[in-house]
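Since the structure comes first, as structure tokens, the remarks are kept for the end.
The values are calculated or read from the model by the stated rules, or taken from the named source; none is laboratory data. These numbers were taken from a predicted model, which means no experiment stands behind them. Glycine also receives a Cβ, built like all others from the backbone with ideal geometry; neighbour counts cover every protein chain displayed.
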Amino acid sequence: MLIQLQELDETISNLRATQVELKRRVQAAEREAALAREELERAIRESTTSRTQVDKRIGELKAVEDRIAKLSVQLNVVKTNKEYAAIQHEIAAAKAEKSRIEDEVLSLMEAADAKQRAIQAFKEQAARAEEEVRRQSEAVERAIADAESRIERIAEERRQLAERIPSECLQPYERLRRGNVRRPVSACKQYVCEQCHMALTANTVNLLMSASRVVFCHSCGRILYLPEEEEHARGKGAGRT
């Protein structure tokens with residue numbers, strides 16, 4: 001009965017671990033979605049900055065064009081060659097500046113277009129991530145509810161089984177479980193504890209064969225039992241004197 005109890009406890013433990021793992025999957029999907037949203041927001045900010053730079057440079061370009069137009073008007077009313085040459089020099093410098101600004105505007109507009117395409121890609125990525133969160137959440141919710149239902153059924157089965165186990169057997173088992181000992185009941189196979197893999201004495205095996213009291217592994221403290229095949233192999237009174 002202790003072995004059956006242990007198997008029920010192991011099943012409950014595995015179901016609890018499954019629930020934790022399922023929740024972790026949802027959390028991982030949520031982190032991916034959050035990263036996708038952050039990438040999208042960053043791309044939008046960069047695109048806004050890029051557009052602001054384009055507008056600023058276009059404004060500067062218009063100012064240069066206006067200056068060139070004014071200088072061209074002045075060129076027609078100057079009276080000396082020196083003034084004429086000076087204005088021509090200003091016009092040439094303004095045209096060079098205009099050309100430079102136009103190149104910058106073109107480069108900035110190309111970058112802004114690339115950022116717009118990136119925004120679209122990030123939007124699609126964020127949408128996929130959000131959909132994955134929704135899908136995972138629904139699936140995990142169902143799986144967790146199913147696991148909880150199974151845990152409740154097994155817990156009731158465990159309660160009924162525990163009521164039938166003598167206290168001198170149940171109490172040490174529960175004490176070991178409270179001490180976080182995994183699988184408190186261990187088989188004795190070929191004079192070895194199956195769980196801690198330490199050798200057992202002949203006297204310990206003889207006590208197991210006599211079945212007169214609960215026997216513990218002297219190394220790990222687990223409750224020992226002889227599997228049926230071991231009993232048949234050793235026969236009544238097996239062990240050393």
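ARG183 satisfies every condition listed in (1) out of contact with any Cys (no Cβ under 6 Å at 6 or more places or on another chain); (2) not in a loop (DSSP other than H, G, I, E, B) except (2).
If you check SER107 against the conditions, is it free of Cβ contacts under 8 Å to residues at least 40 places away in the same chain, among the small types (Gly, Ala, Ser) and under 18 Å from THR49 (Cα atoms)? Yes; evaluated as a whole, the condition is true for this residue. Determine whether GLU148 is touching a residue at least 60 places away in the same chain (Cβ under 8 Å), crowded, with 17+ Cβ neighbours inside 10 Å and of a type in the set (Asp, Glu). So GLU148 fails the test. For region 102-146, taking the residues that are within 13 Å of ALA43 (Cα to Cα), of a type in the set (D, E, K, R) and touching a helix residue (DSSP H, G or I) at 6+ places or on another chain (Cβ under 8 Å), the one that is modelled with the highest pLDDT is identified as LYS123. Entry remark, region 188-213: residues being under 47 Å from the mean Cα position of the chain (by Cα), within 22 Å of GLN4 (Cα to Cα) and buried (at least 17 other Cβ atoms within 10 Å of the Cβ) number 4 in total.
Out of curiosity, is ILE101 under 60 Å from the mean Cα position of the chain (by Cα), among the β-branched types (Val, Ile, Thr) and more than 30 Å from GLU38 (Cα to Cα)? Here the answer is yes, as ILE101 does meet what is asked.
Which numbered condition trips up GLU168, out of (1) loosely packed, with under 13 Cβ neighbours inside 10 Å; (2) touching a residue at least 60 places away in the same chain (Cβ under 8 Å)? Checking GLU168 against (1) loosely packed, with under 13 Cβ neighbours inside 10 Å; (2) touching a residue at least 60 places away in the same chain (Cβ under 8 Å), the one that fails is (2). Of note, ARG159 satisfies the criterion of being loosely packed, with under 11 Cβ neighbours inside 10 Å and assigned to a helix (DSSP H, G or I).
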